[in-house]
Amino acid sequence: MASDPRHPLLADTSSLIAVANTDQWDVLAESVALTTTNVCKHELQNHVNANTYAPEGSREQYLKRGSQRVLDHLDEDSSSWSCVTVVPRPHGPDAGEESLKQELSEHGD
């Protein structure tokens with residue numbers, strides 16, 4: 001993961017989920033090159049695992065569906081998205097956002 005390219009557009013967990021739940025998902029996923037962090041990817045996986053039986057139309061379903069779409073796209077070989085490792089890994093409710101700040105401070109121009 002650390003050797004993945006770093007794109008100038010960084011995206012956190014919430015923004016990735018929001019985009020994944022739009023009608024424009026397919027276009028955006030294929031045309032935008034962005035970077036997220038291993039912390040955000042872990043948060044996405046947590047949303048998928050925690051919302052196994054999410055009721056139709058619920059916030060839990062929104063989180064699960066969006067998260068799964070993002071994870072599937074990140075795992076595609078042809079994806080223009082990258083996931084970089086942030087060390088030390090932040091923890092807590094704002095870990096994803098903190099990981100982006102950390103990535104910017106270490107690798108931002």
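The values are calculated or read from the model by the stated rules, or taken from the named source; none is laboratory data. Small disclaimer: the values here were computed from a predicted structure and weren't measured. All Cβ positions, even for glycine, are placed from backbone atoms using ideal geometry, and neighbour counts span all protein chains on display.
Working carefully through the options E60, E43, find the one that is buried (at least 17 other Cβ atoms within 10 Å of the Cβ) and acidic (D, E). Before the answer, list the steps.
Values: E60 fails: buried (at least 17 other Cβ atoms within 10 Å of the Cβ).
Being buried (at least 17 other Cβ atoms within 10 Å of the Cβ) and acidic (D, E) holds for just one of E60, E43, which is E43.
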**OP:** Using the structure shown, decide if S82 is within 17 Å of T22 (Cβ to Cβ) and surrounded by 15 or more Cβ atoms within 10 Å (Cβ to Cβ).
**Re:** no
Original post:
So which pairs qualify, if the first residue must be in region 66-80 and over 13 Å from A11 (Cα atoms), the second must be outside any helix (DSSP H, G or I) and at pLDDT 95 or above, the Cβ gap must be under 7 Å, and the two must be at least 6 apart or on different chains?
Top reply: G66/N21
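State yes or no: is G66 assigned to a helix (DSSP H, G or I) and touching a helix residue (DSSP H, G or I) at 6+ places or on another chain (Cβ under 8 Å)? It would help to see each step written out before you state the result.
Numbers: assigned to a helix (DSSP H, G or I): yes; touching a helix residue (DSSP H, G or I) at 6+ places or on another chain (Cβ under 8 Å): yes.
For G66, the condition - assigned to a helix (DSSP H, G or I) and touching a helix residue (DSSP H, G or I) at 6+ places or on another chain (Cβ under 8 Å) - is met.
Please go through region 56-78 and pick out each residue that is of a type outside the set (A, V, I, L, M) and either more than 24 Å from H7 (Cβ to Cβ) or over 17 Å from the mean Cα position of the chain (by Cα) (or both).
Just the residues of region 56-78 that are of a type outside the set (A, V, I, L, M), to begin with: 56-62, 64-69, 72-73, 75-78.
Answer for region 56-78, where residues must be of a type outside the set (A, V, I, L, M) and either more than 24 Å from H7 (Cβ to Cβ) or over 17 Å from the mean Cα position of the chain (by Cα) (or both): E56, G57, S58, R59, E60, Q61, Y62, K64, R65.
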Original post:
What number of residues within region 63-88 satisfy the criterion of being in contact with a Leu (Cβ under 9 Å, 6 or more places away or on another chain) and small (G, A, S)?
Top reply: 4
Subject >> Selection count where residues are exposed (fewer than 15 other Cβ atoms within 10 Å of the Cβ) and either in contact with an Asp or Glu (Cβ under 8 Å, 6 or more places away or on another chain) or of a type in the set (G, A, S) (or both), scope region 85-109 >> reply: 3
